[in-house]
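For reference, the structure is listed below as structure tokens.
The values are calculated or read from the model by the stated rules, or taken from the named source; none is laboratory data. Model, not experiment: these values are computed from the prediction. Using ideal geometry, Cβ is built from the backbone for each residue, glycine included, and neighbour counts are taken over all protein chains shown. With ligands, DNA and RNA removed, areas are computed over all heavy atoms of the protein, side chains included. Shrake-Rupley method; radii C 1.70, N 1.55, O 1.52, S 1.80 Å.
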Amino acid sequence: MESYYTLRPCFSHLLLGLLFLFPLYSSFTAAEVHYHDFVVQANPVKRLCKTLNTITVNGQLPGPTLVVRNGDTLVVNVVNRAQYNVTIHWHGVRQMRTGWADGPEFVTQCPIRPGGRYTYRFTIERQEGTLWWHAHSSWLRATVYGALIIRPKLNNPYPFVNPKREIPIILGEWWDANPINVVRQAAITGAAPNVSDAFTINGQPGDLYKCTSPSDTVIIPVDSGETILLRIINAALNNELFFAIAGHRMTVVGADAAYTKPFTTSVLMIAPGQTTNVLITTNQPPGRYYMAAHAYASAQGAPFDNTTTTAILQYKSAGCPTEGGQASKPILPTLPAFNDTGSATAFTSKIRSPSRVKVPTNIDVNLFFTVGLGLVNCPPGQRCQGPNGTRFTASMNNNSFVLPSTFSILQAHYLGVPGIFTTDFPAVPPVQFDYTGNVSRALWQPIPSTKVFKLKYGSSVQLVLQDTSIFSTENHPMHIHGYHFYVLADGFGNFNPGTDTAKFNLIDPPLRNTVGVPVGGWSVIRFVADNPGVWLVHCHLDVHITWGLAMAFLVENGVGKLQSIEPPPADLPVC
Ligand code: C2O
């Protein structure tokens, strides 16, 4: 663990340290460029007593943790030695004018083919906290993911007590099968893909599973009386998760790449795509304490992985359990019930910006997007295994998003290639209905399309995201690429523009890149379209994006000097 965080001392660090001794130079920004090689390759990985050929980065699961400072530049050379197409997405990085480095396949780039390579170059601008990176091609992100840690600029402190230790806690999801085969099988049958076999913490399931060995549990050694910053990331494919640590309360200090008003909790709910930074103090009697996560499953009656992953917080002074004979069983924290929406909501609603923020108030573009599932009739001559012989699908505003295959949308936009996408994504649902009521079957079959919504550079946008009860209501973690946004309010039922605006928090709403739209409810977000490019908007449950729960914003260039997307890099993969 600790090795993740030992900054290699180097000459430039020493030099910059010296410079900072002189107040004269204190305004000097010590931005660094970090070079990394990511080799995407198949490696044998053993989990749950079975060895599977698994796609990893550099043979690591989770992949490498990248540690940078606000203002630094990353140059990551990705080499694809795997048999699948791959791309890497830097989840939550704003990518100001560098959409070519964003990563979603066929949206901002064509995939890196087997044998190919591509170098992602981008700068972290005014973001601090925990982000992460993951593959953005089919279901490769099940095993191709890692942490991206953004520290404050050199000599800038955290806005909270300096932690003695920082530990990434990456929650993942594991199939006792090749995840690519799981999703391919589902695409053939039209049924929901098989649920996973385990969740993981830093790549390991923990010891509550049927078949595990001691090395399958991550042990985190701690000293008594330390303050520790846990950077919790939900990298699971299809599940929101509850997370708790036995005996230890957590003080939330950040979410996604933004600081938050501190509050203390014994449990948190984290959706795929989201990150939560918490401080804990090791103030308990020396011993062994489980940290644990299991699903928050909001869709009624839908099958889900109901297992619990664990890691062990182990006080060093408690001694090594294996030396003294029998290891004492660690204490397990209490997690809310799988369907405990009350606990999920109570937690989420406490997340606020640290102080008053500038929320856009003069709205130029008012949008209302439904998000939800659907069922389509089986094509003639096929046998479909979705409910009543149908196929599962999903949509936003009745459009089920289909990726292009011959150009990425951004390339087609930049080069003016026609026929790849259209710009008629509807601002409001084509048909209005009682979204969370009894929806007529005629509205269950969305239209497959590749539509974007155009935004003028600099426009202020309000977007209502509305869950539907088509097939089943569900909490959808909605993510916008290239942006973060203020979450002004959320609620249950249908959004009512007449009364629900009274709930808008225009003072200290949280700044996020992924919002969990409540099950059978809505969220309202606002942002300024200040980053030109093509930006995917989607549900971060991969099963839903696979079914088409996505769309894209096309943000036009502005007229100012730094208001246009940069030209594409020379090595950008073509289709
Ligand atoms: Cu983690 Cu398309 O995103």
Exactly one of these conditions fails for Tyr118: (1) in contact (Cβ under 8 Å) with a residue 60 or more places away in the chain; (2) in contact with a Gly (Cβ under 9 Å, 6 or more places away or on another chain). Give me its number. (2)
Confirm whether Thr123 is polar (S, T, N, Q) and away from the ligand (no atom under 16 Å from the Cβ). yes
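Residue-wise test of (1) away from the ligand (no atom under 13 Å from the Cβ); (2) crowded, with 21+ Cβ neighbours inside 10 Å.
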position: Gly71; (1), (2): yes, no
position: Asn80; (1), (2): yes, yes
position: Val93; (1), (2): no, yes
position: Cys110; (1), (2): yes, yes
position: Trp139; (1), (2): no, yes
position: Val144; (1), (2): no, yes
position: Arg151; (1), (2): yes, no
Those residues that are in contact (Cβ under 8 Å) with a residue 60 or more places away in the chain and within 16 Å of the ligand (Cβ to nearest atom), I need them from the range 472-509; list them, please. His476, Pro477, Met478, His479, Ile480, His481, Gly482, Tyr483, His484
Answer yes or no as to whether Val543 is open to solvent by 10 Å² or more (accessible area, probe 1.4 Å), closer than 19 Å to Phe471 by Cβ and within 16 Å of the ligand (Cβ to nearest atom). yes
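Conditions (1) touching a Gly at 6+ places or on another chain (Cβ under 7 Å); (2) away from the ligand (no atom under 16 Å from the Cβ); (3) more than 20 Å from Ala311 (Cα to Cα), marked per residue:
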site: Ala244; (1), (2), (3): no, yes, no
site: Arg249; (1), (2), (3): no, yes, no
site: Val252; (1), (2), (3): no, yes, no
site: Ala255; (1), (2), (3): no, no, yes
site: Thr260; (1), (2), (3): yes, yes, yes
site: Ser266; (1), (2), (3): no, yes, no
site: Asn277; (1), (2), (3): yes, yes, no
Quick check: anything in the range 248-271 open to solvent by less than 10 Å² (accessible area, probe 1.4 Å), under 17 Å from Gly516 (Cβ atoms), among the aliphatic types (A, V, I, L, M) and touching an Asp or Glu at 6+ places or on another chain (Cβ under 9 Å)? yes
For Gly560, are the conditions met, namely being out of contact with any strand residue (DSSP E or B) (no Cβ under 8 Å at 6 or more places or on another chain), away from the ligand (no atom under 16 Å from the Cβ) and open to solvent by 10 Å² or more (accessible area, probe 1.4 Å)? yes
Do any strands (runs of 3 or more DSSP E) entirely within the range 202-304 hold 3 or more residues that are among the polar types (S, T, N, Q), and if so, which? 258-265, 275-281
For the condition touching a residue at least 24 places away in the same chain (Cβ under 8 Å) and open to solvent by less than 10 Å² (accessible area, probe 1.4 Å), what is the one hit in Leu279, Leu208, Leu237? Leu237
Residues Asn388, Asn366, Asn362: which one is of a type in the set (S, T, N, Q), free of Cβ contacts under 8 Å to residues at least 40 places away in the same chain and open to solvent by 30 Å² or more (accessible area, probe 1.4 Å)? Asn388
